[in-house]
Structure formats: structure tokens, C-alpha cells
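Asks: Following this message is one structure expressed as C-alpha cells.
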């Protein structure tokens with residue numbers, strides 16, 4: 001198969017891209033609107049891009065009708081969000097929270113999760129997940145105006161909440177204990193349970 005992206009169907013491009021760039025970590029984002037109503041949604045266009053300053057990015061795409069998703073509207077309005085770890089034990093709840101509800105209705109209630117207050121930002125974090133990062137928006141870069149176009153949200157991490165149960169004896173996050181999940185193509189996901197080690201060359 002050869003895809004000339006200048007002439008390819010956008011849906012084919014999307015399906016091929018998300019099937020090749022794998023596994024993709026999942027940003028499970030809590031945000032609030034100007035009335036304080038909480039939104040929860042997962043995004044698999046997500047990663048960390050700097051440690052000093054600590055920078056994370058995720059990208060909410062425009063809906064099929066070209067409108068903005070609730071998370072994007074909220075972070076544009078408030079400049080804050082929380083990244084909650086999407087772990088294997090909460091996979092079903094994470095999937096439920098991807099359902100598109102009317103603006104202002106909370107996916108937290110739909111998924112049966114509990115909220116905890118954050119320390120430095122207004123959006124709350126999820127009580128059930130072992131890791132949460134409180135963030136402020138540094139920049140939002142629209143990447144296009146068509147349905148499916150991304151909006152790169154660049155955030156700076158202010159606070160990290162990490163439960164003791166996912167730490168090893170040295171106080172570092174143990175991936176065997178954290179057990180995050182990643183997105184593959186279509187409806188497929190991966191668990192971080194098949195882990196191997198390679199020493200970095202000196």
C-alpha cells in the first residue's frame with residue numbers, strides 16, 4: 001500500500017496513522033468550564049516533551065461536524081487541566097468517559113468515578129487513579145480547521161500526585177505496578193505488562 005496523503009481520504013489517513021503510531025499513551029483529562037462543571041475525556045494523541053520545564057502535550061481533534069470538543073473549549077476558557085493516569089484497572093471507566101455527552105454533563109458520573117480537589121488548579125483529579133498531574137496551559141496550537149484536525153495543547157505540570165503503591169524500593173514509579181494502558185488502532189488497546197530491559201549504550 002502506498003498513500004499519497006495529498007490525495008488520500010482523510011478517514012483512511014486517520015485509521016492508518018493511529019494503527020502505525022502505537023502504542024499511544026492516553027491522556028485522561030479532567031477540565032472545568034467557566035461554571036465549574038467537570039468534563040472527563042481520554043485522548044491518545046499525548047506525550048511528554050520536556051522535563052525542565054516539565055511539559056506535556058495532548059491534542060483534542062475537532063468533531064465530525066467541525067466543532068470543538070468540550071475539553072478544548074474548557075482549556076481555552078480556563079487555561080487549566082489535570083492529566084489522570086489511564087491504568088488497566090480503570091480501562092472500562094476510561095472507555096465510558098469517551099462517550100460524547102451534551103456540553104455541561106459530566107462523564108465522571110457516567111463512569112462512576114470520584115473526584116478529589118487539586119492543589120493548584122481548579123479542575124479536580126480522579127481519586128481512583130494512582131497518578132495525576134495538575135497542569136496549566138502554556139499554548140494551544142490549532143493544526144487545521146477540518147473535522148479531525150488536532151489542537152495541540154501544551155501544558156506545564158505544576159504538581160504530580162503519585163500513590164506509594166506504584167513506587168519501587170527506590171521511590172521511583174514502577175511500570176509493573178502502575179500498569180498504564182495504550183491505544184492501538186481501531187478498538188484495540190495494549191497493557192504495559194510485557195516489559196523488557198535494555199541498558200543504554202555508554
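Asks: Using label points projected 7 Å from each Cα along Cα→Cβ, tell me how many nm separate residue 47 and residue 99, to one decimal.
Replies: Output for this residue pair reads 3.3 nm.
Asks: Put a dot 7 Å past each Cα toward the Cβ at residue 202 and residue 6; how far apart are the dots in nm?
Replies: Rounded to a tenth, the inter-label distance reads 5.0 nm.
Asks: Additional query: Which residue, 171, 79, 185, has the most motion in a Gaussian network model of the chain that connects Cα atoms within less than 10 Å?
Replies: Looking only at 171, 79, 185, the biggest GNM fluctuation is shown by 171.
Asks: With each run of n ≥ 4 DSSP H residues scored as -39500 (n - 2.57), what mean residue ellipticity at 222 nm is computed for the chain after dividing by its residue count and rounding to the nearest 500 deg cm²/dmol?
Replies: Calculated at 222 nm, the ellipticity per residue is -4500 deg cm²/dmol.
Asks: Please state, as a whole number in µm²/s, the translational diffusion coefficient that the Stokes-Einstein equation yields for the stretch 106-152 at 25 °C and 0.890 mPa s, with Rh defined as the Kirkwood radius across alpha carbon pairs.
Replies: Answer, rounded: 185 µm²/s.
Asks: Could you run the Debye sum over the Cα atoms of the stretch 117-185, one equal point scatterer each and no solvent, and tell me log10 of I(q)/I(0) at q = 0.17 Å⁻¹, two decimals?
Replies: -0.86
Asks: Have a look at the stretch 49-112 and give its Rg and Dmax from the Cα atoms, expressed in angstrom.
Replies: For the stretch 49-112, the Cα-based Rg and Dmax read 13.7, 38 Å.
Asks: What do you get when you divide the Cα radius of gyration of the stretch 25-85 by 2.2 N^0.38 Å, with N the number of residues?
Replies: So the Cα radius of gyration is 1.13 times the expected 2.2 N^0.38 Å.
Asks: Okay, moving on. How much length is gained on full extension from residue 143 to residue 91, taking 0.36 nm per residue of separation minus their Cα-Cα distance?
Replies: Result for the pair: 15.8 nm of gain on full extension.
Asks: Residues of the stretch 33-54 with amide nitrogen under 14 Å from the 7 Å Cα-to-Cβ point of residue 152?
Replies: Residues passing the 14 Å test: 45-50.
Asks: For the stretch 1-148, compute Rh as the Kirkwood radius over C-alpha pairs and then the Stokes-Einstein diffusion coefficient at 4 °C and 1.567 mPa s; write the answer in µm²/s, rounded to an integer.
Replies: 80
Asks: Which FRET efficiency value, to the nearest 0.05, is calculated for residue 167 and residue 116 with the Förster distance at 25 angstrom and r the Cβ-Cβ distance?
Replies: Using R0 = 25 Å, I get an efficiency of 0.85.
Rule-based calculations on the coordinates, nothing more; no lab input. Just so it is clear, the structure is predicted and the values come from calculations on it, not from any experiment. Cβ coordinates were reconstructed from backbone atoms using ideal geometry, including for glycine residues, and neighbour counts include every protein chain displayed.
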